[in-house]
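This report concerns only the one structure given below.
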Amino acid sequence: MRGNELLTIGELATRTGLSVSAIRFYEAKGLVAPIRTSGNQRRFLRSDIRRLSFALIAQRLGLTIEEIGAELSRLPHGRTPTLADWNRISRHFRAEIDRRIALLERTRDKLDTCIGCGCLSLRKCGLYNPADKAGAEGAGPRYVLSGEAVE
């Protein structure tokens, strides 16, 4: 296969490891836009391998289809993204990954102590959340979601 040839949906599935139905799903969500032949068959750009690979990774990292679509909308349509294009998207994507890592680390670190939910059901809550301080500051797991330190 040459560098500028279009790919069939089956070839794209083979290259990405996605099923044909998954590619159709991503197409329906606007993450890829195939070219239609005169016989109305889908043909994909080789750059769609990267777009779908990015979507697969991002989805496994917990990004929603809408978030993935927003990231992919930063890439050019109709031409293979350049290194500069990918650098732009990766800088923005990296910031989101860093936020998610920070949340996961806070959750991991506070699961054995107090997540700040205001439940007062653990004996430790008297130490970490005296007088339901967390409950007075708002609903939900305050210390994990806000990044506040447990005093």
**Prompt:** How much mean residue ellipticity at 222 nm does the chain get from its helices, if each DSSP H run of length 4 or more adds -39500 (n - 2.57) and you divide by all residues, to the nearest 500 deg cm²/dmol?
**Reply:** -15500 deg cm²/dmol
**Item:** Farthest positive-ward along the chain dipole, Cα basis, beta-carbon charges - from F54, I68, L6
**Value:** L6
**Message:** Under 15 Å between alpha carbons, and skipping anything fewer than 8 positions from K133 in its own chain: which aspartates and glutamates qualify?
**Reply:** E148, E151
**Local net charge near S21, Cβ-Cβ under 15 Å (Lys/Arg +1, Asp/Glu -1)** = +2
**Item:** Inter-label distance for S19 and I101, nm, one decimal - labels placed 7 Å from Cα along Cα-to-Cβ
**Value:** 3.3
**Fill in**
Output for the chain (equivalent-ellipsoid semi-axes, sqrt of 5λ from the C-alpha gyration tensor, Å, descending) is 46, 15, 12
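Bear in mind that the values in this text are calculations on the coordinates, not laboratory data. These numbers come from a predicted model, not from an experiment. Using ideal geometry, Cβ is built from the backbone for each residue, glycine included, and neighbour counts are taken over all protein chains shown.
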